[in-house]
Amino acid sequence: MRLLLSLLLTAALSGAAAAQPTTPSATADTTGYSSGPVRATRTAQPILLDGRLDEPVWNTAEAFSDFKQKEPDQGASTRQKTEVRVAYDDDALYVGARMYDTQPDSIVARLVRRDGDVSSDVFFVFLDPFHDKRTGYYFGLSAAGTQLDGVFLNDGWDDDSWDGVWNGRVARDEQGWVAEMRIPFSQMRFANADPMVWGVNFKRFVNRSSEEDLLAFPRRGQSGFVSRFPELHGLDGVKPRRAYEITPYVTSKGDFFKGESDFTNAGGADLRTTLGPRLSLNATINPDFGQVEIDPAVVNLSDVETYFGEKRPFFTEGFSVFRCGNNGANDYWGFNWPEPTFLYTRRIGRSPQAGFLADPGTSPLGTSILGAAKVTGQIVPGWDFGMVHAVTARETGTVTDSAGRTQDVAVEPMTYYGVLRGMHSFNKGRQGLGVMNTTAIRSFSDAQDLERFVNKSGVVTAVDGWTFLDGKKNWVISGWAAATQVTGSKDRITALQRSSAHYYQRPDAGHVEVDTNATSLTGEGARVWLNRQNGPWMLNSALGWMSPGFDTNDMGFTSRGDVINGHIGSGYQWNKPRGWRQYQHVIGALAATFDTEGNPTTKMLYAGYNLEQRNHNSWEATLFLFPATVNTRATRGGPIMRNTSGWSTNLHFDSNSKAKRFWYVDVNPSSSEDGGYEFSVSPGVRWKPVSNLAFEFNPSWYRGRTDAQYLTQYADAGASATYGTRYVFAQLDQSILQASLRMDYSITPALSVQLYAQPFITSGDYSGLKYLARPASYEFVSMGTDGSEDFNYRSVRGNAVLRWEYLPGSTFFLVWTQQREDVTDDGRFHLNASLASLGHADAANTILVKVAHHFTM
């Protein structure tokens, strides 16, 4: 019913919006470089994409060449001339760009897969079809023919996860190189307006000199990008077009290396179409994401869930509209603020929450997504809109009784996930107001035993917005406020109150306690920022609060509630190049965090410096000083402990990322009053020996000592000082050696091979078991024994992906994934023994063949 009502409302609003014209924009202000309007010319003859620009329209269309340098010499005339022409017909927008070059042999044309790190000469066209001066699309071609595309949000932030179905060709000659593009109108949302006015901008990047040339851009130290785009005229008569794009797929998956002949076969389909002129609909049935890169291995000894980034295409493309809480300003500082994520799409298709009920290895790695749909775009001018609906299947594992008999056991109930998002910007983007709702509802009709372990529902409603305080957009206030509610059985809500996100059971806390009769948990939170974001002087301050019951984890990500956090920071940036210095800034900040009872959990003094040289080498140094405070989480729901004072620093260097050889290094030492320390070094190198082959190697070494690592707790009537419970800790010496290795080989712009591997070795040596002597202290009583919890874990994970886009939007994948792991109770770090053990460990191999064919109707 919710889905039906949402679709009907969306269709009604989008239809009503079709007749509303966009409002003409004001010209760019004096804080940046701008250009006059760009005019598109209608073509009466077909355009053959070949990179030659020999059709008649390219001789008659107006050429635009008013480019200025953005980097390195901002505002100066370009070193190389660029001419761009724009044409169109009823179906598509065409862009023809001639990049003149006085040294055509020096053009860098490295071939990589689509949306890869091109490190080449590149041409981009930026479009703002709604002309809302906040959002848009970008399309790019490298000199080797690699396609790049994505979307803009928040007047300049970009998201390359969106992939449109469009064509482009390049050619090189004695004058330089040419890019020719055909961008179907069906790939973009825009209003049916008269006159038709879009925003447009062009960018050329010359790799050998790291020169960026654009029509319009902000000065260094100023904000705003999309809002500065020149106007695109001449598209009068173009109508938004409805196209049905259907991409059915089939897969076959199995372990070929074990001689399995019965591969698992599956199929599904993706749909993309429009709902009126301003909205797009994407839907998927039984999606398969076997081609995405495998998650890295981790050993998590904290009480906070590991956050993994989203890599599945359906849940990355076009999801920028669902960003909530951080809109309006161009930068958001945190300083120990656990910023909640209101939509964490990894929850959809998550690993079963009650997998522990089944025998090891019998539960699926993730829940099956039966179907999902998303609607994105604008419902009326200035109103960004997004909606997601998804349903995941009931999942089971197997349990074996003492007689060896097996039976199925439910490990995850069928679940509905829904998201609604709206954001309205007005007064030429000076103010914005948004609302977001997420809802997760689970059915226990055929999985009653799960009610003790899984939430019944989770609902979050948030509002966010911003307002600029002056006409030049120097000062901006932004923020959000949200309310959450989780429902479930008494057993489940009791367990949730005692979980690491809440710790209601803390015996010395006067503001929370476990309610064993509760069937719901509610929470509230808010945060507000004040930024000065233009000019040499920077100011960034914030104040935020989340109640103890705040919880977005059914569809979002919240590491903890019960927090009050604030900071005030300022800095100065040198935006004008001087000598060998291109840019530099210095920043200082003070920050503090409390729980809602007033206990200080973090105090912090921060200083940072950043320098970019004219040769594009970059340096960064930061320093954190932490006075002693208290820790409300170290005892995992027990009494508070003392946090000892300490410091940490980070030193970073990287070379020119566009060079043939790019290298970088991070060094992170830290120390604390209790004798604990950490040291890590992470160098890396990316090498492109030939134009279509790239290697990247990023090893990392960590060595650390934690003086009091939590181990366990147990009841003891003699432990009256700690409320009848012993909280056991030990010294932990941990070593971690890991690396990521990548190889990208592009045979053509549409055919590529990727290899990725991540070896991971870690050891932990526990010693000196002890228990907390008294609350609010850092005093312990020795237990006279060493720990038996020592560990040595090693794994290697990797995959190889062959990707062939044999037609625009149609793709063939051949994927090999392998995982090996081994665990022992030896806490010592032995590199050779660990590598030998991995070589003999059982390998889990998966071969996936996937064909997805794109149809347009």
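The values are calculated or read from the model by the stated rules, or taken from the named source; none is laboratory data. Values in this document were obtained by computation on a predicted structure and should not be read as measured data. Reconstructed Cβ throughout: ideal geometry from the backbone, glycine too, with neighbour counts over all protein chains shown. Ligands, DNA and RNA are stripped out before the accessible areas are found, and what is left, the full protein with its side chains, is counted by its heavy atoms. Shrake-Rupley method; radii C 1.70, N 1.55, O 1.52, S 1.80 Å.
Show me the ranking of peptides 439-451, 831-843, 398-410, 524-536 by mean Cβ neighbours inside 10 Å, starting with the highest.
524-536, 439-451, 831-843, 398-410
So, in Å, what gap is there between the alpha-carbon centers of the range 722-771 and the range 72-142?
If we compute the Cα centre of each part, the gap is 40 Å.
Using amide H atoms built 1.01 Å from N in the peptide plane, name the residues 5+ places from L232, or on other chains, whose amide H lies under 5 Å from its own.
Placed amide hydrogens put V38, W198, G199, V200 under 5 Å from L232.
Convert each backbone phi in the range 550-564 into a coupling constant with the Karplus relation 6.51 cos²θ - 1.76 cosθ + 1.60 (shift: θ = phi - 60°), then list the ³J(HN,Hα) values in order as whole Hz, x for Gly and Pro.
Karplus values, whole Hz, x for Gly and Pro: 5, 7, 10, 6, 5, 10, x, 9, 10, 6, 6, x, 6, 8, 10.
Taking 8 Å as the Cα distance limit and 6 or more residues as the minimum spacing, I'd like the relative contact order of the chain as a percentage.
9 percent
Once you place label points 7 Å from the Cα toward the Cβ at A833 and T273, how far apart are they in nm?
For A833 paired with T273, the spin-label model returns 6.3 nm.
So I have [x] 92, 64, 57; [y] 85, 73, 65; [z] 109, 67, 54, and one of them is Cα extents along the principal axes in Å calculated from this model. Which one is it?
Here Cα extents along the principal axes in Å agrees with entry [x].
So which trypsin sites (Lys or Arg not before Pro) in the range 193-294 are both in a DSSP loop and have at most 13 other Cβ atoms within 10 Å of their Cβ?
R242
Points 7 angstrom from Cα along the Cβ direction at S351 and S657: gap in nanometres?
It works out to 3.1 nm between the two label points.
Can you list residues whose amide H is under 5 Å from S810's amide H, if they're 5+ apart or on another chain and H is modeled 1.01 Å from N?
Excluding prolines and chain starts, which carry no amide H, the hits are H854.
In µm²/s, what is D for the range 574-650 at 10 °C and 1.306 mPa s, where D = kT/(6 pi eta Rh) by Stokes-Einstein and Rh is the Kirkwood radius from Cα pairs?
Estimated via Stokes-Einstein, D reaches 106 µm²/s.
Whose amide H sits under 5 Å from the amide H of R774, counting only residues 5 or more places off or on another chain, with H placed in the peptide plane?
Sorted by chain and number, the residues that satisfy this are E779.
Just flag the GluC sites (Glu not before Pro) in the range 79-180 sitting in loop per DSSP whose Cβ has no more than 11 other Cβ atoms within 10 Å. Each step should come with its number before you reach the end.
Working: sites: E83, E174, E180; in loops: E174.
The qualifying sites are E174.
Apply the Karplus parameterisation 6.51 cos²θ - 1.76 cosθ + 1.60, with θ equal to phi minus 60°, to every residue of the range 46-55 and state each ³J(HN,Hα) to the nearest whole Hz, in sequence, with x for glycine and proline.
Couplings: x, 10, 8, 6, 9, x, 9, 6, 10, 6 Hz.
How much accessible area per residue does the chain have, in Å², with a 1.4 Å probe?
On a per-residue basis, the chain sits at 42 Å².
What value, in deg cm²/dmol to 500, does the helix sum -39500 (n - 2.57) over DSSP H runs of n ≥ 4 give at 222 nm once divided by the residues of the chain?
Only helices count here, giving -1500 deg cm²/dmol.
Do the alpha carbons of any pairs in K133/K576; K374/K428; K133/K239; K70/K472; K81/K658 sit beyond 23 Å of each other, and which pairs?
Numbers: K133/K576 27 Å; K374/K428 28 Å; K133/K239 21 Å; K70/K472 21 Å; K81/K658 21 Å.
Over 23 Å apart, Cα to Cα: K133/K576; K374/K428.
So, with a 1.4 angstrom probe, what is the percent of accessible area on the chain that is carbon and sulfur?
Carbon and sulfur together cover 55 percent of it.
Please give, to one decimal in nm, the separation of the simple spin-label points placed at L741 and V292, each 7 Å out from Cα toward the Cβ.
2.6 nm
Could you work out the relative contact order of the range 783-857? I mean the mean sequence separation of Cα pairs under 8 Å and 6+ apart, divided by the number of residues, in percent.
Reported as a whole number, the value is 36 percent.
When the chain is fully extended, how far beyond the present Cα-Cα distance does N845 get from N192, taking 0.36 nm per residue of separation?
229.9 nm
Kindly state, to the nearest 0.05, the FRET efficiency for N167 paired with E83, given R0 = 25 Å and r defined as their beta-carbon distance.
0.75
Multiply the residue gap between L605 and F697 by 0.36 nm, knock off their C-alpha separation, and tell me the result in nm, one decimal place.
29.7 nm
Cα centroid distance between the range 299-317 and the range 529-580, in Å?
If you average the Cα positions of each part, the centres end up 22 Å apart.
Mean separation of Cα pairs under 8 Å and 6+ residues apart, divided by the residue count of the range 567-718: what relative contact order is that in percent?
That works out to 13 percent.
Just flag the chymotrypsin sites (Phe, Trp or Tyr not before Pro) in the range 570-604 sitting in loop per DSSP whose Cβ has no more than 11 other Cβ atoms within 10 Å.
Loop-located and lightly packed - W580.
Hey, with R₀ at 30 Å, roughly what FRET efficiency would E673 and V586 work out to, going by the Cβ-Cβ distance, to 0.05?
In this case the efficiency is close to 0.60.
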